[in-house]
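The values are calculated or read from the model by the stated rules, or taken from the named source; none is laboratory data. As the structure is a prediction and not an experimental result, all values here were calculated from the model. So basically every Cβ, Gly included, is an ideal-geometry build from the backbone, and we count neighbours across all protein chains shown. Just the protein is used for accessible areas: all its heavy atoms, side chains included, with ligands, DNA and RNA removed. Shrake-Rupley method; radii C 1.70, N 1.55, O 1.52, S 1.80 Å.
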Amino acid sequence: MANLTPMMQQYLDLKEQYKDCILFFRLGDFYEMFFKDAEIASRELEITLTGRDCGLEERAPMCGVPFHAADSYISRLINKGYKVAICEQVEDPALAKGIVKREVIRVVTPGTVFDSSMLDERKNNYLMSVYKYGCFFGISIVDVSTGEFSSTNISWGNTVNKLLDEIAKYSPSEIIANSSFFDDTGLVENIRKRFNVYLSRFNDEYFETDYAIGKIRSQFEKSELLDREYELEINASGALLEYLEQTQKVNLNHIQNITSYKIEEFMIIDASTRRNLELTETMRERSRKGSLLWVLDRTVTSMGGRLIRKWIEQPLINVADINERLEAVREMKEKFMVRMEIRELLKRVYDIERLMGKVVIGNANGRDLVALKNSIGQVPYIKSLLEQCESSLNKRNYEQIDTLEDIYELIDKSIVDDPPVTITEGGIIKNGYNDDVDKYRKATIEGKNWVAALENQEREKTGIKNLRVGFNKVFGYYIEVTKSNYSQVPPEYIRKQTLANCERYITQELKEIEDTILGAEEKLIALEHQLFLDIRNKIASQVRRIKNTARCLSEIDVICSLAEVADRESYTMPEISTEDRIEITDGRHPVVEKMLGDSSFVPNDTLLDMDENRISIITGPNMAGKSTYMRQVALIVLMAQIGSFVPAKSAKIGIVDKIFTRVGASDDLASGQSTFMVEMSEVANILENATPRSLLILDEIGRGTSTFDGLSIAWSVIEYISDKEKIGCRTLFATHYHELTELEGKLTGIKNYCISVEKNGDDIIFLRKIIRGGADDSYGIQVARLAGVPELVINRAKEILAELNEADISKRASRVRKNKMLMEGQLDLFSVSRASKITDEVVEEIKGIDISTITPLEALNTLYNLQQKLKKG
């Protein structure tokens, strides 16, 4: 068997260490891929697959991409779910003995992307670590580009659902986990189906407690996380730090601390509710437009864009914290000129968080430092404007903002205003910053003047008019003489190269000039590179100060954004309290209202508490606006608890600890679940996890099965929720089962509401107004007509409806229910009592009366007798 070439052996040795990655192997100006990697890359990147002799009988499959365009290709592979290991030459080929030494300098994975061209600037790119121990979980989350690092434990309740909710909240690009996690195949499959995330198993030894503690101690001088023993988040955090070290292979000092939090410190919103309420993206198109984020995000910096998304994903439940935000927003809303000036200044601020990430890991170039300088240059002016603010949050940001004048001065004195992209070719350090740089730069400039003078001198001396002095990297400087002038070449010229039409010579004087110029240029480039690294390191050492200022700026941006929205959209400041009352006057749906534009949105009132107004049963036809109204209430509560003004005339919000929604119907075909099964699973989750302080939004419970089954389930669910011993929380319950309206007065805390409709012959007009009482009709046929169902079908539907009413199918069931009695405190819905039989007899007797022959006196007597019979029943 033939032997592999040394280069190919080197490639295979490196590939063995990174089996799960596509290896980008640097050869000259290209990254090459071989064997299986080449076949994958050729297919995914649509580049030509060729071959290369490698010492084997068959040529090795090969493809490559130019190194200067590699980022775009890497991005495409990452988006398709691959990892990429970047292998570089780590020694100068000119100095190498034998094959050039190469090493993998970085592994790019979906969760460790740094390149701004591969990231959404207004969204965090999270990497999550999950440690499963029994049925408990420790999780940690990092955004490598910004240095944000947080962790939590999931150790009680329905832990799997809580894990899924956290994944939904952070929407990580990548999850690493231990073997125990991957042993739970059901959980792994569930995550793969529900979330667009890259899952990979990480070695169990890195999750071990002692190893994890050591890793955390080596990264952070002090971490409060280590003060608490037996926390599973320690295991997850330690493994996450190890994973970053293995993939990034650089210092990660921009990750300054771990923020440990409890899930219960924020409003809990499960994955289904996030989707139904369309907090950050719409359900159908998964687009930003049409979401709550689209309405509220008027931020002007990337940092602010990421923070407002985080606020929406994690509403607060602490009244003091919420009110602090609201007061800050109120102040910015009222101080219009201050807000406008701050927003104009913030527009000139770049993404300081991600710039500092690049500075610390050593990826930042001169242009990044200039962007940082220009951003810092706005800070003193922003701080002076904040001095006029009085609310506690705005004052705290004013006090904590560091103007970073020393950093600004350092960059301003050292880096040219328009530096080159690379940092290894000079032209990056300003004149006057370093004496040696000035000296070498002068030598290179004067040296080139010397060359020009020498060229003129030699032309005059030799009489060769077209003599010229040129330069290339192989021979250095040379004198070029054309063929027709060979006879005039002086004897001191030393022939260096003969070409077809000319010859090239050197002289002793030219060689001395060359040594001076090239020596100065090489020294200048090397010195500029070293000075740049020193400047970058000085800035990196101040990462804590700079990141703290960036945090303040992003918070100010979000507060100004919420104030801007409140001002433009006529939102009002909600009153937040620990009471249980939710009272909204003239509430509006923030997204629908904005989508309608100039069209007038019909506002509605809401009253919910944990006593007489626990459950609102809402009836009315489809398309009338029930779902919009219920989502509107949930969004107003959520907006209030993130610290935003709300679309209403007034709003009093008693803190909600969890929002649950069961809205709409969708088959989960991937897991083989029907609409009804999905619905019942969501209902079960709600009943299991809701607390008295929760807000439930339930739409059409039970409609996925037969009428009586569905009605029975809906009835039972309402009974269960209304029971203070079981849940007793604030609930909006929309239904087409008009029979449920009978619960008002029979169960405490239930109130009936309906959407008002105006009927005009066969047509109906939806007035979109919520009023007290139950709906008298579903208006299904009228809605069908509005939807464009053919008139033939509509007419036939009317005939069938008349026949059904005549047969008294549904009305008989209604009479049965009206006569049933309470049984052990609950309503026995379908028991047929003696009263119902008497009622049937009365109906039959009425049917048998001949109205054309009966006298008025006989009619009165008959009516009296029927009345007595019913009373006795």
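Tabulated results
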| quantity | calculated |
| --- | --- |
| Qualifying residue in region 76-87 (condition: touching a residue at least 60 places away in the same chain (Cβ under 8 Å), under 16 Å from the mean Cα position of the chain (by Cα) and crowded, with 21+ Cβ neighbours inside 10 Å) | no |
| Residue check, Leu608 more than 26 Å from the chain's Cα centre (by Cα) and open to solvent by less than 10 Å² (accessible area, probe 1.4 Å) | yes |
| Residue selected from region 100-110 under the condition in a loop (DSSP other than H, G, I, E, B) and out of contact with any Ser or Thr (no Cβ under 9 Å at 6 or more places or on another chain), by the criterion most open to solvent (accessible area, probe 1.4 Å) | Lys101 |
| Unmet criterion (only one of (1) closer than 20 Å to Thr5 by Cα; (2) part of a loop (DSSP other than H, G, I, E, B); (3) among the charged types (D, E, K, R)) for Asp120 | (1) |
| Among residues of region 340-354, those that are farther than 16 Å from Cys552 by Cβ and surrounded by 22 or more Cβ atoms within 10 Å (Cβ to Cβ), counted | 1 |
| Single residue of Glu409, Glu425, Glu455, Glu446 found to be surrounded by 12 or more Cβ atoms within 10 Å (Cβ to Cβ), under 56 Å from the mean Cα position of the chain (by Cα), more than 30 Å from Met332 (Cα to Cα) and at pLDDT below 95 | Glu446 |
| Some residue of region 177-199 being open to solvent by less than 20 Å² (accessible area, probe 1.4 Å), within 24 Å of the chain's Cα centre (by Cα) and under 16 Å from Glu245 (Cβ atoms) | no |
| Complete set of residues in region 244-294 that are over 29 Å from Phe207 (Cα atoms), hydroxyl-bearing (Ser, Thr, Tyr) and touching a residue at least 12 places away in the same chain (Cβ under 8 Å) | Ser272, Thr273, Thr280, Ser291 |
| So Glu121, is it touching a residue at least 40 places away in the same chain (Cβ under 8 Å), open to solvent by 30 Å² or more (accessible area, probe 1.4 Å) and of a type in the set (Asp, Glu) | yes |
| Residue list for region 502-558, filter: within 30 Å of Ser484 (Cα to Cα), crowded, with 17+ Cβ neighbours inside 10 Å and either of a type in the set (D, E, K, R) or touching a residue at least 60 places away in the same chain (Cβ under 8 Å) (or both) | Glu503, Arg504, Ile513, Glu514 |
| Qualifying residue in region 132-139 (condition: in contact with a strand residue (DSSP E or B) (Cβ under 6 Å, 6 or more places away or on another chain), closer than 28 Å to Asn685 by Cβ and aromatic (Phe, Trp, Tyr)) | yes |
| Residue in region 554-587 that is nearest to Ala634 (Cα to Cα), counting only those that are of a type in the set (D, E, K, R) and within 23 Å of the chain's Cα centre (by Cα) | Glu564 |
| Top-ranked residue of region 17-58 - restricted to ones that are at positive phi and out of contact with any strand residue (DSSP E or B) (no Cβ under 7 Å at 6 or more places or on another chain), ranked as least open to solvent (accessible area, probe 1.4 Å) | Gly55 |
| Selection count, region 756-798, where residues are open to solvent by 50 Å² or more (accessible area, probe 1.4 Å), over 30 Å from Gln632 (Cβ atoms), part of a helix (DSSP H, G or I) and at pLDDT below 80 | 2 |
| Residue check, Ile686 in a helix (DSSP H, G or I), buried (at least 24 other Cβ atoms within 10 Å of the Cβ) and modelled with pLDDT under 95 | yes |
| Pairs with Cβ under 8 Å, 6+ apart, first in region 729-741 and in a strand (DSSP E or B), second charged (D, E, K, R) | Arg730/Asp580; Arg730/Asp609; Arg730/Arg614; Thr731/Arg614; Ala734/Lys626; Ala734/Asp699; Ala734/Glu700; Thr735/Glu700 |
